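Engineer: Pasting in a structure now, in C-alpha cells, and then I'll have a few things to ask.
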2 protein chains.
Amino acid sequence: MKTPFILINIFTVTPDNQQRLVDLLTKATKETVKSMDGFITSTLHRSIDGTKVTMYAQWESREKYEDMRRNATASPYLEEALSFAKFEIGAYEIVEIFKKA
Amino acid sequence: MKTPFILINIFTVTPDNQQRLVDLLTKATKETVKSMDGFITSTLHRSIDGTKVTMYAQWESREKYEDMRRNATASPYLEEALSFAKFEIGAYEIVEIFKKA
C-alpha cells in the first residue's frame, strides 16, 4: 500500500474564537472536503488551552490534496477562518506507528 | 468510552538533523514510552521539507502522560533531542473524526 500524505494543519486563535473556528472547519469538511477524490480521513482537535484548532488529515497523495486546496467551493470557509486565525500547514509522511506494548 | 488525551508534539530541526531526531524518538518510544501505563498509540512523522518531526500520540489521560514525562528513563533521549531541536507541545481533545463520504 502507498503511504498516505499527512497534513497536520494548526490554526492559532484567541480562546473566544476557538468554537467559531471549530464550527467553520467542521462545516468545510462535511460539506465539501470529505467527498473529494483522494481524501481518506481527518480528525479535528481543539487544544485544551483554547488557543489552537488542529486538523490531522490523511490524503492519498500530495497532488490530490493540492487539487482540493485549489477547489473553489472550500475557499469561502477557509477565507473566513483566516480572517481571525493564523494558519500553519505541515506536510508529512509517516515514519512508524507504535502500539501499547 | 472516555475521550483520549491527544498530544501533537512538534520538533523543529535543521534538515541534516531530521534523521537523528527520528532515530532518538523511535528509540525513546520503543524502549520506554510504549510500555507505560496509559499509553495507547503514537505515530511518528517526518515533514516533507525536512525541518520538522512530529509525534501524534494518544494517552488515556493527561495525568498518565504527565507521569511519563516525569519518568526518569525517558529523559536522556528527550534531553539529547532538545540539545539540537526546538520542541513545541500541543495538548488536545478530539472534536470529531471525518471519514470519506
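The values are calculated or read from the model by the stated rules, or taken from the named source; none is laboratory data. Model, not experiment: these values are computed from the prediction. Don't worry about glycine lacking a Cβ; one is built from the backbone with ideal geometry, like all the others, and counts go over all protein chains shown. Heads up: the accessible areas ignore ligands, DNA and RNA and are worked out on the full protein's heavy atoms, side chains in. Shrake-Rupley method; radii C 1.70, N 1.55, O 1.52, S 1.80 Å.
Engineer: List, please: which pairs have Cβ atoms under 9 Å, are six or more places apart or on different chains, and start with a residue in region B:45-72 that is within 14 Å of A:Ile97 (Cα to Cα) and end with one that is open to solvent by 60 Å² or more (accessible area, probe 1.4 Å) and assigned to a helix (DSSP H, G or I)?
Structural biologist: The qualifying pairs are B:Arg46/B:Gln19.
Engineer: Of the conditions (1) open to solvent by 50 Å² or more (accessible area, probe 1.4 Å); (2) not in a helix (DSSP H, G or I), B:Thr41 satisfies every one except a single condition; which number is it?
Structural biologist: (1)
Engineer: For the subset of region A:25-38 comprising residues that are buried (at least 18 other Cβ atoms within 10 Å of the Cβ) and within 23 Å of A:Thr14 (Cβ to Cβ), which member is farthest from the other protein chains (Cβ to nearest Cβ)?
Structural biologist: A:Ala28
Engineer: Just give me the residues in region B:79-101 being assigned to a loop (DSSP other than H, G, I, E, B) and either within 7 Å of chain A (Cβ to nearest Cβ) or without any contact (Cβ under 8 Å) to a residue 12 or more places away in the chain (or both), in sequence order.
Structural biologist: The answer is B:Ser83, B:Gly90, B:Lys100, B:Ala101.
Engineer: Exactly one of (1) more than 9 Å from every other protein chain (Cβ to nearest Cβ); (2) open to solvent by less than 20 Å² (accessible area, probe 1.4 Å) is unmet by A:Asn71. Its number?
Structural biologist: Among (1) more than 9 Å from every other protein chain (Cβ to nearest Cβ); (2) open to solvent by less than 20 Å² (accessible area, probe 1.4 Å), A:Asn71 violates only (2).
Engineer: Need pairs with beta-carbon distance below 8 Å; first residue closer than 25 Å to A:Gln58 by Cβ and in contact (Cβ under 8 Å) with a residue 60 or more places away in the chain and within region A:5-19, second of a type in the set (Gly, Ala, Ser) and in a helix (DSSP H, G or I); sequence gap 6+ or separate chains.
Structural biologist: Listed pairs, sorted by first residue: A:Phe11/A:Ala81.
Engineer: On the basis of being charged (D, E, K, R) and either surrounded by 13 or more Cβ atoms within 10 Å (Cβ to Cβ) or part of a loop (DSSP other than H, G, I, E, B) (or both), does B:Asp16 make the cut? If you could, list the steps in order and put the result at the bottom.
Structural biologist: Details: charged (D, E, K, R): yes; either surrounded by 13 or more Cβ atoms within 10 Å (Cβ to Cβ) or part of a loop (DSSP other than H, G, I, E, B) (or both): no.
Criteria not met by B:Asp16.
Engineer: Kindly provide the set of residues from region A:47-61 that are surrounded by 15 or more Cβ atoms within 10 Å (Cβ to Cβ) and under 15 Å from the mean Cα position of the chain (by Cα), ordered by number. It would help to see each step written out before you state the result.
Structural biologist: The initial filter retains those residues of region A:47-61 that are surrounded by 15 or more Cβ atoms within 10 Å (Cβ to Cβ), namely A:47, A:51-60.
Matches in region A:47-61: A:Ser47, A:Lys52, A:Val53, A:Thr54, A:Met55, A:Tyr56, A:Ala57, A:Gln58, A:Trp59, A:Glu60.
Engineer: Of the residues in region A:56-68, how many are more than 9 Å from chain B (Cβ to nearest Cβ) and either in contact with a Gly (Cβ under 9 Å, 6 or more places away or on another chain) or at pLDDT 95 or above (or both)?
Structural biologist: Here is the first cut: in region A:56-68, the ones more than 9 Å from chain B (Cβ to nearest Cβ) are A:58-61, A:63-68.
Next cut, either in contact with a Gly (Cβ under 9 Å, 6 or more places away or on another chain) or at pLDDT 95 or above (or both) only: A:58-61, A:63-65, A:67-68.
Final tally of qualifying residues: 9.
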